[in-house]
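Computed from the coordinates by the stated procedures, all read-outs in this text should not be read as laboratory data. Quick caveat: nothing in here was measured; it's all calculated off a predicted structure. No Cβ is skipped: glycine too gets one built from the backbone with ideal geometry, and neighbour counts run over all protein chains shown.
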Amino acid sequence: MARRPAVRYKAVMLSRTKLAEQDLIVTMMTEEGEQLRAVAKGARKPGSRLSARSELFVEADVMISKGRNLGILTEAEVSDAHVGARVDIEHVACASAMCEIARLTCYEDLKDPFLFPLLSRSLRACEESTDRPHLDIVAAAYVFKVMSHAGWRPVLDACIACEEPAATRFCVSVGGVLCESCARNVAEAMPVSQNELDWIGALIGLTFDELLVAPVDDLTSSKLLDVAHRWAATHLDARLRAFEFLRGI
Ligand SMILES: [Zn+2]
């Protein structure tokens, strides 16, 4: 049989689902920001080389050959296993939540060179986080950065409805802040402090280097994670199980 041509990609592994007895379908994001799904044949056999190399959040150089429907993942050489994101359950949960968002914000046949470097840096920031508040703000920052890039940037400086600068409520479905009087009839508008609004702006505007050294307390970081979770779930219209798990632990 003639050998099928294979294409090489640099990619990060976003999710895996079982296929038949011994195979996996691996969903990846390529360096160019496209979503790519391929079958890893035999990856569930004990001792499979492909299994370890297609673990979640591994970055690898992969070879994909054309299959009947999905491509076939024939080789994977790990370039960054993000081992620091595997040290404990909280780091794994943070990286998994970001990969869940990544999977929902990249698309087949649609290149976007912003996406891969952002995810790769976010995974390293997860590795570099040494406490829970910083893990939470890394996940929240990834959400707000990637969602803002995709067009869902929250309005933070004045009430969306009347432009009153003193905005005291945050409403996910309207896309940002409302003043006290415009929020009166909006049941889901939640109280928000100026500090929290400044933080949401910082999650979008600051680099991960800056965020990792910014002092943040437990209460603020968990509120930011809550807002990021609602923001992504509402605008992506998806139940985010990995994000729910991160918030639950
Ligand atoms: Zn208003």
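Brief remarks follow.
- Per principal axis, descending, Cα span of the chain in whole Å: 72, 34, 29
- Working ranking of peptides 185-192, 28-35, 149-156 by packing, defined as the average number of other Cβ atoms within 10 Å per residue, highest first, is 28-35, 149-156, 185-192.
- Val155 paired with Leu110, simple spin-label distance in nm, labels 7 Å along Cα-to-beta-carbon: 2.4
- Ranked by the mean number of other Cβ atoms within 10 Å of their residues, highest first, the peptides 19-26, 80-87 fall in the order 19-26, 80-87.
- What the Cβ-Cβ distance of Lys45 and Asn195 gives, at R0 = 41 Å and to the nearest 0.05, is a FRET efficiency of 0.20.
- Here the extension length gained between Ser79 and Arg103 equals 6.6 nm, from 0.36 nm per residue of separation less the Cα-Cα distance.
- Taking the longest Cα principal axis of the chain as reference, the axis of helix 89-104 is set at about 90 degrees.
- Cα gyration tensor, the stretch 46-125 - rounded (a/c under 1.5), prolate or oblate: oblate
- Extension gain, Ala238 to Glu164, is 23.5 nm, computed as 0.36 nm per intervening residue step minus the present C-alpha separation.
- Cα gyration tensor shape of the stretch 167-241, rounded if a/c is under 1.5, else prolate or oblate by comparing a/b with b/c: oblate
- FRET efficiency, 1/(1 + (r/R0)^6) with R0 30 Å, evaluated for Ile204 and Glu55 via beta carbons: 0.50
- Per residue of the chain, the DSSP helices (runs of n ≥ 4 H) give a summed -39500 (n - 2.57) that works out to -12000 deg cm²/dmol at 222 nm.
- Three-way shape label, the stretch 1-52, alpha-carbon gyration tensor, a/c 1.5: oblate
- Relative contact order %, the chain, counting alpha carbon pairs below 8 Å whose residues are six or more apart: 16
- Angle of helix 115-128 to the longest C-alpha principal axis of the chain, folded into 0 to 90 degrees and rounded to 10: 80°.
- Here the spin labels are modelled as points 7 Å beyond Cα on the Cα-Cβ line, and at Ser173 and Asp218 they lie 3.3 nm apart.
- Between Phe245 and Glu188, the simple label model (points 7 Å from Cα in the Cβ direction) yields a spacing of 2.5 nm.
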